[in-house]
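Novice: Handing you this structure, nothing more for now.
Quick note: the coordinates plus some simple rules give every number you see, no bench work behind them. Everything quoted here is computed from the prediction, not taken from an experiment. Methodologically, a virtual Cβ is constructed for each residue, glycine included, from the backbone with ideal geometry; neighbour enumeration extends over all protein chains shown.
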Amino acid sequence: MTVISVDLTNAPYDIHVRAGLMAQAPEYLLPYARDNRLLVVTDENVARAVWPALEAALSAAGVETAVYILPAGEAGKSWGELEKLTDWMLAQHVERSDHVIALGGGVVGDITGFATHIVKRGCSFVQIPTTLLAQVDSSVGGKTAINSAAGKNLVGAFHQPALVLIDPELLSTLPPRQLAAGFAEVVKYGLIDDPDFFLYCEDNLDSFFAGDPAIRAQAIITSVQSKARIVAADETERTGTRALLNLGHTFGHALEADTGFSDRLFHGEAVAAGMALAFRYSVRLGLCADEDARRVSQLLKRAGLPTTLSDAGVTANGALLVDYMRHDKKMSGGTLPFLLARGIGQTFLSKDVALDDVADFLDDEAQS
Ligand SMILES: NC(=O)c1ccc[n+]([C@@H]2O[C@H](COP(=O)([O-])OP(=O)(O)OC[C@H]3O[C@@H](n4cnc5c(N)ncnc54)[C@H](O)[C@@H]3O)[C@@H](O)[C@H]2O)c1
Ligand SMILES: O=C(O)C(=O)C[C@@H](O)[C@H](O)[C@H](O)COP(=O)(O)O
Ligand SMILES: [Zn+2]
């Protein structure tokens, strides 16, 4: 068992990682059951693939459950779904001291976290992430949100979970395209500040996708350690440290908007293309060696991920993509701080990027 702590002053919490951990889930969850009863939020695929075994284990341990099932996919992170979920929680007479279990990918975690933040002015939640993306990224750090008509994650709150339980074996039922999408956020940690981990990803990509348990566990643990360290340094993204986790996301969120927040382009796929674009843009600005940008694209391509606008199925011109970016939460005083790189493992936040220049770059990308 690996236990990683998120060292926050107000509400520190632990992340437990172990293959097969779900067998022990009742032990971990029992303390959160009020009158031996738990509220669980999941989605329709996880309800089929993961929930039956957990429900049986909880029931054997004498824990009764009430389950709310969201539609699968990004559409689950909407105002309409938030209203239905909060109504359900209220109908279940959730109390402020209760802990709702978020069992699923980033969509389930993000909306459940936000719902628990606002219902009765705040109750708690436990994350049991079931996708690679959620295990290495979204279940940790307390960014919770829904999408709005104007864009990605625009209505939300920082609300930390009380506990995170990660069982890499849950990934056995995850569709391969979703596994690859999650791998983009794994690679991100190498690109931010850990060149050795990037090398690890290059060297072990084939074993990772073949399902090697040791390689998968190591990749998840290293990712979670990075995320926990960065979140603890800047919980609410005030100093610029946490913004590093947004590498590839300013481009990525614009690509997601252009593809309608749909199955046409998953979040992790948009982040992959976004990171490749951020590296090529850094090369264009003379900040980064071309060889590094090539290595980034090569690794992402090996994982089956998109690295260009055309791979991502994006047809919008640069001006429209930049318009989407104007909704970015990093926008400050009319300018958009941008995540750029001086090389692999050398990401930094630049305040010198002109959005008109980004639009020209994207138009050139569309031609190449
Ligand atoms: N809060 C954060 O810090 C943070 C970080 C990264 C991403 N996100 C958000 O997370 C979301 C993406 O998360 P995601 O990639 O997990 O997508 P997701 O939650 O949509 O899950 C992907 C798909 O896999 C299915 N699934 C989940 N677990 C499964 C399993 N074990 N077996 C079979 N199918 C399974 C789901 O039903 C869904 O169809 C985006 O909305 C993104 O904005 C948030
Ligand atoms: O935890 C963070 O901080 C991140 O930026 C992680 C990202 O992978 C994640 O997609 C996040 O939800 C994006 O945040 P946003 O503030 O750009 O909506
Ligand atoms: Zn992300």
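Novice: Which whole-number percent gives the relative contact order of the range 278-343, counting Cα pairs below 8 Å spaced six or more residues apart?
Specialist: For the range 278-343, the relative contact order is 48 percent.
Novice: Would you please put 132-143, 93-104 in order of how densely packed they are, using the mean number of other Cβ atoms within 10 angstrom per residue and starting with the highest?
Specialist: On the way: 132-143: 26.8, 93-104: 20.5.
Ranked by mean Cβ neighbours within 10 Å, highest first: 132-143, 93-104.
Novice: Just add up the charged neighbours of Ala312: K/R +1, D/E -1, any other residue whose Cβ is under 10 Å from the Cβ of Ala312. Walk me through the numbers before you get to the answer.
Specialist: Values: positive: Arg264; negative: Glu256, Asp258, Glu269, Asp311.
Result for the local shell: -3.
Novice: If you find the alpha carbon centre of the range 198-265 and of the range 8-25, how far apart are they in angstrom?
Specialist: Taking the Cα centre of the range 8-25 as reference, the centre of the range 198-265 is 19 Å away.
Novice: Residues of the range 330-368 with backbone nitrogen within less than 20 Å of a virtual label 7 Å along the Cα-to-Cβ line of Gln298, please, listed as ranges.
Specialist: Of the residues in the range 330-368, 341-347 have backbone N under 20 Å from the label point off Gln298.
Novice: Just want to confirm a number: the relative contact order over the chain, from Cα pairs under 8 angstrom separated by 6+ residues, in percent. Provide the component values of the computation, followed by the final result.
Specialist: Working: 696 pairs, mean separation 53.8, N = 368.
Averaging sequence separation for qualifying contacts and normalising by length gives 15 percent for the chain.
Novice: Another question, if that's okay. How many nm separate the modelled label positions at Ala366 and Ala23, each set 7 Å beyond the Cα in the direction of the Cβ?
Specialist: 5.5 nm
Novice: Farthest toward the dipole's positive end in the range 2-173, which of Val63, Gly156, Val140, given Cβ charges of +1 (Lys, Arg) and -1 (Asp, Glu) about the Cα centre?
Specialist: Of Val63, Gly156, Val140, it is Gly156.
Novice: Now, a different point. Using unit Cβ charges (K, R positive; D, E negative) and no other charged atoms, how large, in debye to the nearest 20, is the dipole of the range 2-173 about its Cα centre?
Specialist: Numbers: 11 positive and 18 negative charges, 63 e Å.
Charge dipole, the range 2-173, about its Cα centre: 300 debye, nearest 20.
Novice: Give me the dipole magnitude in Debye, nearest 20, for the chain about the Cα centre, with unit charges on the beta carbon: positive for Lys and Arg, negative for Asp and Glu. All intermediate terms of the calculation are to be shown ahead of the outcome.
Specialist: Values: 30 positive and 46 negative charges, 109 e Å.
Using Cβ point charges on Lys, Arg, Asp and Glu, the chain gives about 520 debye.
Novice: Follow-up question, since we're still on this one. Counting Lys and Arg as +1 and Asp and Glu as -1, what is the net charge of the other residues whose Cβ lies under 15 Å from the Cβ of Glu95? Mind showing how you got there, number by number?
Specialist: Details: positive: Arg34, Arg37, Arg96, Lys120, Arg121; negative: Asp35, Asp98.
Neighbour charge sum, excluding Glu95 itself: +3.
Novice: Is the range 214-274 rounded, prolate or oblate when judged by the Cα gyration tensor, a ≥ b ≥ c being the square roots of its eigenvalues, rounded requiring a/c under 1.5 and prolate requiring a/b larger than b/c? Write down the numbers at each step before the final one.
Specialist: On the way: a/c = 3.20, a/b = 1.33, b/c = 2.40.
Here the range 214-274 falls in the oblate category.
Novice: Using Cα-Cα distances under 8 Å and only pairs 6 or more residues apart, what relative contact order does the range 144-297 have, in percent? Mind dumping the intermediate values first?
Specialist: Working: 141 pairs, mean separation 30.0, N = 154.
RCO, the range 144-297: 19 percent.
Novice: Separate question: In the range 176-367, if the dipole is taken from +1 on Lys/Arg beta carbons and -1 on Asp/Glu beta carbons about the Cα centre, which of Gly334, Ala180, Gly240 is farthest to the positive end?
Specialist: Gly240
Novice: Would you tally the net charge around Lys120, using a Cβ to Cβ cut-off of less than 15 Å, leaving Lys120 out, and scoring K and R as +1, D and E as -1?
Specialist: Working: positive: Arg34, Arg96, Arg121; negative: Asp87, Glu95, Asp98.
The answer is 0.
Novice: Only helical DSSP H runs with n ≥ 4 go in: add -39500 (n - 2.57) per run for the chain, normalise by residue count and round the 222 nm mean residue ellipticity to 500 deg cm²/dmol.
Specialist: Values: 13 runs with 164 residues, N = 368.
Counting only the DSSP helices, I get -14000 deg cm²/dmol.
Novice: Turning to a different aspect of this structure: Which FRET efficiency, nearest 0.05, do Arg284 and Met331 yield, Cβ-Cβ r, R0 22 Å? Please report the intermediate quantities before stating the final value.
Specialist: Numbers: r = 22 Å, r/R0 = 1.01.
For Arg284 and Met331, the calculated efficiency is 0.50.
Novice: Please say if the range 251-302 is rounded, prolate or oblate, where rounded means a/c under 1.5 for a ≥ b ≥ c the square roots of the C-alpha gyration tensor eigenvalues, and otherwise the choice is prolate for a/b larger than b/c and oblate otherwise?
Specialist: It comes out oblate by the Cα gyration axes.
Novice: Which peptide among 266-272, 354-360 comes first, and what is the full order, when sorted by highest mean count of other Cβ atoms within 10 Å? Intermediate results must be reported in sequence, preceding the final value.
Specialist: Details: 266-272: 28.9, 354-360: 15.9.
So the peptides 266-272, 354-360, ranked by packing, come out 266-272, 354-360.
Novice: Another question, if that's okay. Can you give me the C-alpha center-to-center distance between the range 38-97 and the range 271-349, rounded to a whole angstrom?
Specialist: That distance is 36 Å.
Novice: So how do 57-64, 213-220 stack up, highest first, on mean other-Cβ count within 10 Å?
Specialist: Numbers: 57-64: 14.2, 213-220: 18.8.
In decreasing order of mean packing, 57-64, 213-220 become 213-220, 57-64.
Novice: Would you work out the charge dipole size for the range 266-330 about its Cα centre, treating the Cβ of every Lys and Arg as +1 and the Cβ of every Asp and Glu as -1, and quote it to the nearest 20 debye?
Specialist: Working: 9 positive and 7 negative charges, 20 e Å.
Dipole about the Cα centre, nearest 20: 100 debye.
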